[in-house]
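Quick notes on the structure that follows.
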Amino acid sequence: MSRRSALFLLVLLAYAAGVGLLMYRLLADIDPRYRESAEESQVETAHLLAALVEQHTVDGLIDAEVLRPIFRDTYARGFSARIFDFEKTGVELQALVVDRRGHVVFDSLGRREGEDWSGWRDIGAALRGEYRARTTPRIPGDDLSSVMYVSAPVRSQGEIVGAVSVGKPVQSLNQFVAAARRKTLLVGATSVAAVLVLVLILMLWVVRPFGLLADYVRYVRAQRSFSLPRLGRRALGTLGAAYDEMRDALAGRNYVSDYVQTLTHELKSPLSAIRGAAELLHEPGMPPGDRERFIGNIERETQRIQELVDRMMELAALESRRRLPRVEPVALVPLLEDCVTSARAAGLSRGLQVDLAVVEPAWVEGEAFLLRRAVGNLLANALDFSPEGGRITVALLPRGRSVDVTVRDQGPGIPDYAGSKVFEKFFSLARPQGGKRSTGLGLPFVKEIAELHHGRVALRNAEGGGALATLSLPRIEPPAPR
C-alpha cells in the first residue's frame, strides 16, 4: 500500500476514532447532566417546603402536619402529562421533615417517622447550615431503587431548628437518560455512515471504473497462481490510485504552487553565484587566473541549474503517473548485475569495490527501466558517500511475499537530524569528497518509483557504520518458460 493510500485510511480511522471518543464522552456525560438538572429543581422544592414549615413553627417547635394533607391529596391526584416520548401519571416526589436532633417528624410516605436521620450527609449538612446532596439505594445493593436527596434548613428566629429533605427516585430519570443515549448513538452512527457513503461516492465519481477494472483483469490474468493476499494488495492499490486522482483534482493548484515556490527557492543560490561572477568579470584589469576561475563558476552553476530543472521535470512526470500503464515480470538478478557493473566503472577511479550478493533469484512485477533507475540512484548515493577504497554491497534478499534490494556503503552514515528528511525534495547532505551537495531529488525519485510498484524504500544507518538503503517490492512467482 502506498503512503498516500495509508494516509487516506489513517484519516478515516482518525475520524472514526474521534467520533467514537466523542460518543463515549457524550454518553458518559448524559446521566450526570440529567441528575444536575433534577437536583437544581429539588433544591428549589426543598426551600419552598422549608418556608412552608417555618410558617407553622412556634418557639422552635416544628409542626409539619400541614404537609400531610397536601401530600396525601397530591399522591391521590390522577393526571396525564406527555413529556416528549414518555407519559407521566403520578407524583414520585418524596419529602420528610426532621427536628434539630435529626429525628424524622414527618414522612410523606409514612414509613420513617421517628427514625434518626442525623447521620445522612444531606440532613447533617442542612442542620449545620450547609448544603450537601446524596443518592442512596432504598434497597441495599439495588441501584434501581436509588433515591436522590437534597435538604434545606428550617429556621425559627434565626436559629436552625430542623430540616426538610426532598427525594426523587433515580429510576424516574433513567428513562430520559436511556432515550438520550439512544438518540446520541443514532446521531453518531448516522454521521459515520454518511461520511463513508460520501467517500465512496467521491471515489466512484473520480475513478474511471472501466479503466481500473480492465487493469485489474489484466493483473489477474498475468498471475500464474491464485493468491488472495496479492489480489487484496492489488485492490488496495487501485483504491489508492483513485484517492490520488481525487487529491490532484481538488488540490492541483496548491500542488503546482508548492513546486514552483520550492524550485524558485533552490534556483536562487546558483543564480546569485552566476550574477556575482558575471559582475566581477566586467571589472577591468582582472588577472587571467581569476577570470578563468569565475568563468568556471558560471559553467558549474549553469550545469547545476540544468541538472536541477531536468531532474525536477523528470520527477514531476513520474509523480503524474499514478499507476504504471504496462507492467511485466522483471527478473531482479540480471537487473542488479547491470547496475553493479555500471557502478563498478564509476567507482574505479577512487578504488571503490562494488559487490553483489544474491540469496536466491526473485521476480517482481513492474517496469524494468524505472526499477533500474531506482537502484542506480541508490548506488549513485552510495558512491558519493563512500570513502576512498571503500566497499559497497548490493544484496537481494527474498522475504516471503516481498523481496528486499539493499545497498550498503561504508560512508559516514546519516546524521540524527537528517533521518526524517532524506526523502524530502531538495534536501541534500554535503558529500565527504569536496563538500558539494546534489539536487536533492534522487531519493524522492526512488520513493515515487517504489510507490508506483506498490513497494517502499527506507534509508537508515547500518550496524557497524555506513548507510543502508532498502528497496522493498512485492514478489511474484517466476513466469512459466515459453
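The values are calculated or read from the model by the stated rules, or taken from the named source; none is laboratory data. Keep in mind that this is a model prediction, so the values were computed, not measured. FYI the Cβ positions are ideal-geometry reconstructions off the backbone, even for glycines, and counts take in every protein chain you see.
Among the listed residues Ala76, Ala51, Ala38, identify the single one that is free of Cβ contacts under 8 Å to residues at least 60 places away in the same chain and surrounded by 13 or more Cβ atoms within 10 Å (Cβ to Cβ).
Ala51
Can you list the strands (runs of 3 or more DSSP E) found entirely within the stretch 331-429 that contain at least 1 residues being within 20 Å of Gly464 (Cβ to Cβ) and in contact with a strand residue (DSSP E or B) (Cβ under 8 Å, 6 or more places away or on another chain)?
Hits in the stretch 331-429: 353-358, 391-399, 402-408.
Would you mind finding the one in Phe71, Phe106 that is buried (at least 16 other Cβ atoms within 10 Å of the Cβ) and in a helix (DSSP H, G or I)?
Answer to the selection: Phe71.
Give me a count of the residues in the stretch 302-328 that are in contact with a helix residue (DSSP H, G or I) (Cβ under 8 Å, 6 or more places away or on another chain), under 28 Å from Thr406 (Cβ atoms) and at pLDDT 75 or above.
So the answer is 2.
Take Ala346 and tell me if it is of a type in the set (A, V, I, L, M), at pLDDT below 90, closer than 16 Å to His454 by Cα and assigned by TED's automatic domain parsing to the domain that holds Arg460.
So Ala346 does not fit the description; no.
Name every residue in the stretch 423-462 that is β-branched (Val, Ile, Thr) and either under 22 Å from Leu336 (Cα atoms) or modelled with pLDDT of 85 or more (or both), in order of residue number.
Val446, Ile449, Val457, listed by residue number.
Answer yes or no: is there a residue in the stretch 383-392 that is within 18 Å of Asn461 (Cβ to Cβ), of a type in the set (Asp, Glu) and at pLDDT below 90.
There is at least one residue in the stretch 383-392 that is within 18 Å of Asn461 (Cβ to Cβ), of a type in the set (Asp, Glu) and at pLDDT below 90.
One line per residue, one yes/no per condition, for (1) acidic (Asp, Glu); (2) at pLDDT 85 or above; (3) outside the structural domain of Thr135 (by TED's automatic domain parsing); (4) out of contact with any Gly (no Cβ under 9 Å at 6 or more places or on another chain):
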residue	(1), (2), (3), (4)
Ile30	no, no, no, yes
Tyr34	no, no, no, yes
Val53	no, yes, no, no
Ile62	no, yes, no, no
Tyr75	no, yes, no, no
Ile83	no, no, no, yes
Phe86	no, no, no, yes
Asp99	yes, yes, no, no
Val104	no, yes, no, no
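Out of the residues in the stretch 79-113 that are without any contact (Cβ under 8 Å) to a residue 60 or more places away in the chain and among the basic types (Lys, Arg), state the one that is farthest from Leu52 (Cα to Cα).
The extreme case among them is Arg82.
Would the stretch 446-466 turn up any residue that is in contact with a Phe, Trp or Tyr (Cβ under 6 Å, 6 or more places away or on another chain), crowded, with 20+ Cβ neighbours inside 10 Å and closer than 19 Å to Ala380 by Cα?
yes
Say whether the condition of being assigned to a helix (DSSP H, G or I), at pLDDT 75 or above and loosely packed, with under 10 Cβ neighbours inside 10 Å is met by at least one residue in the stretch 254-266.
No, that holds for no residue.
Is there a residue in the stretch 410-422 that is within 14 Å of Asn377 (Cβ to Cβ) and at pLDDT below 90?
For the stretch 410-422, residues within 14 Å of Asn377 (Cβ to Cβ) and at pLDDT below 90: present.
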